[in-house]
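A short write-up of the structure that comes next.
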Amino acid sequence: MLRSLSRISELPIVVRQLQKSASAAQGGLSKTSTNNNYATEATIEVNRPFKLHRLDEGPATTVKLTKDEALKYYTQMQTIRRIETAAGNLYKEKIIRGFCHLYSGQEACAVGMKAAMRDVDNIISAYRVHGWTYLMGVSPNGVLAELTGVQGGCARGKGGSMHMYSPNFYGGNGIVGAQVPLGAGVGLACKYKGNGGMCLALYGDGAANQGQVFEAYNMAYLWKLPVIFVCENNNYGMGTSSERASCNTDYYTRGDALPGIWVDGMDVLAVRSATEFAINYVNTHGPLVMETNTYRYSGHSMSDPGTSYRTREEIQEVRQKRDPITSFKELCIELGLITADEVKAIDLKVRKEIDEATAFAKSDAELAVSHLWTDVYSNNLEPKLRGPISYNLDHIQERKGVNH
């Protein structure tokens, strides 16, 4: 179902995309290539057409999916879902403390974007980043151990839920919207170095009204920075619906002069196609805004039950009709890319891996107190660090930071 169009100027673009999709379907798309009666590749139409702002052409609506890709994307999405389920349970057991924001329901956004990224590309996000941390190379052990604050965590237990990092992944950031200008800065670094990379700067619909977001748009446009500003619109900023918080909920149009793309964030293949298009665009022309329309099943954070501002029936309907993992699994089985036995094997393997990671996160030791002030700077220019009273602490570097 398409959202109602709020701008007449959108209509011709959407119509062209629908016509393109219809023509492709008549041409016999959604074909499969087989080998020994098993499908090895399929050609698929994305479920919902893209919406475009200041673009004459958009992402491909017809995409190819190989068996290996199908297995990979399903495994990644299922792993993220399991990590978040484990994190929720650990929080309820009071083993995880502080802030904790779950990504359940939004897995197709991260997996689709990561599928399009190249080795030179970067990503920075807000605080709903456990899944991104895993996708960017940190094991489930490293993610869950960081959440429980033990030394086996990717930041040795010092960062917690909102502050995880890995190569080309600039984290988790706790200040609402602050990662957007930082992402523009990462894009500037890519342009300065001339390495052909770009940066995905992710933020939610709740952060979309922050002034610094629009300042980042403006600077990125003037300097033609290779940045994709990604609004992960899960329809609720904390406990407020996007309609009650924003005068314009077409977030992909809010870059003004910046072109924009709306994509179904529950369709991993649509997100991949949109991101591939966007990467090529920003490396040629400059910044672009991409809105992924998605949904979170849990509350904003663990302190939010998530049912005081929306009904349980609404959540259940999305789970039943639009769940990104179930929809993708059923599509792949229907096309013969994955068998039911393969799905079962992946599910069992993922469950075992996350169960073991959970046990590790519960049993590993915390760092000694003396490690609290190690690795404060990557290059400490002063001989001492400031303690509670004076500059009386020796700076000790135990690990080299990432992304230097």
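The values are calculated or read from the model by the stated rules, or taken from the named source; none is laboratory data. Just so we're clear, the structure is a prediction, and the values are computed from it rather than from any experiment. Using ideal geometry, Cβ is built from the backbone for each residue, glycine included, and neighbour counts are taken over all protein chains shown. Protein only, heavy atoms only, side chains kept; ligands, DNA and RNA dropped before computing areas. Shrake-Rupley method; radii C 1.70, N 1.55, O 1.52, S 1.80 Å.
Using Cβ point charges alone (K and R +1, D and E -1), the dipole size of the chain about the Cα centre works out to roughly 220 debye. Entry note, the chain: the mean residue ellipticity at 222 nm calculated from DSSP H runs of n ≥ 4, each adding -39500 (n - 2.57), is -13000 deg cm²/dmol after division by the residues and rounding to the nearest 500.
Rounded to the nearest Hz, the phi-derived 3J(HN,Hα) couplings of region 86-94 under the Karplus curve 6.51 cos²θ - 1.76 cosθ + 1.60 (θ = phi - 60°) are 5, 4, x, 5, 5, 5, 5, 7, 6, where x marks glycine and proline.
Packing here is the average count of other Cβ atoms within 10 Å per residue, and on that basis the peptides 370-379, 160-169, highest first, run 160-169, 370-379.
Here the accessible area of the chain is 52 percent carbon and sulfur, with a 1.4 angstrom probe and all protein chains present. Using a Gaussian network for the chain with springs between C-alpha atoms less than 10 Å apart, which of these wobbles most: T40, T292, T358? Its mean-square fluctuation being the largest, the pick is T40.
With 27 Å as the limit, write out which pairs from K64/K193; K94/K344; K92/K352; K67/K92; K67/K362 have Cα-Cα distances beyond it, or answer none. Numbers along the way, then the final one.
On the way: K64/K193 33 Å; K94/K344 31 Å; K92/K352 21 Å; K67/K92 38 Å; K67/K362 36 Å.
With Cα atoms farther than 27 Å apart: K64/K193; K94/K344; K67/K92; K67/K362.
Note on exposure: K384, K362 ranked by accessible area (1.4 Å probe, complete protein assembly) read K362, K384, with the most exposed listed first. Label zone of N248 (point 7 Å out along Cα→Cβ, amide N under 20 Å): in region 281-305 this covers 286-294.
What order, most packed first, do the peptides 187-195, 68-76 have when packing is the mean number of other Cβ atoms within 10 Å of each residue?
On the way: 187-195: 15.8, 68-76: 18.8.
Most protected by this proxy first, the peptides run 68-76, 187-195.
Accessible surface for region 278-325, divided over its residues, is 45 Å² per residue with a 1.4 Å probe. Candidates W262, L288, A110 compared by Cα position along the dipole of the chain: farthest toward the positive end lies L288, with charges placed on Cβ. Spin-label model, V120 to T339: label points 7 Å out along the Cα-to-beta-carbon direction sit 4.2 nm apart. The lysines within cross-link reach of K191, meaning a Cα-to-Cα straight distance under 21 Å and a gap of 8 or more places when in the same chain, are K114, K224. Between L200 and N122, I123, I124, I228, the built amide H atoms are under 5 Å apart, and every one of these is 5 or more places off in sequence or on another chain.
Mind ordering 206-215, 88-97 by average Cβ neighbours within 10 Å, highest first? The partial results should precede the final answer.
On the way: 206-215: 18.2, 88-97: 14.9.
Result, highest mean first: 206-215, 88-97.
These residues, K224, K67, K51, go from largest to smallest accessible area, 1.4 Å probe, as K224, K67, K51. The structure shown yields Cα extents along the principal axes in Å, and of the options (i) 74, 52, 45; (ii) 71, 57, 55; (iii) 64, 54, 44 that calculated value carries the label (i).
Along region 294-305 the Karplus relation, 6.51 cos²θ - 1.76 cosθ + 1.60 evaluated at θ = phi - 60°, assigns HN-Hα couplings of 9, 7, 9, 7, 7, x, 4, 9, 5, 7, 10, x Hz to successive residues, with x for each Gly and Pro.
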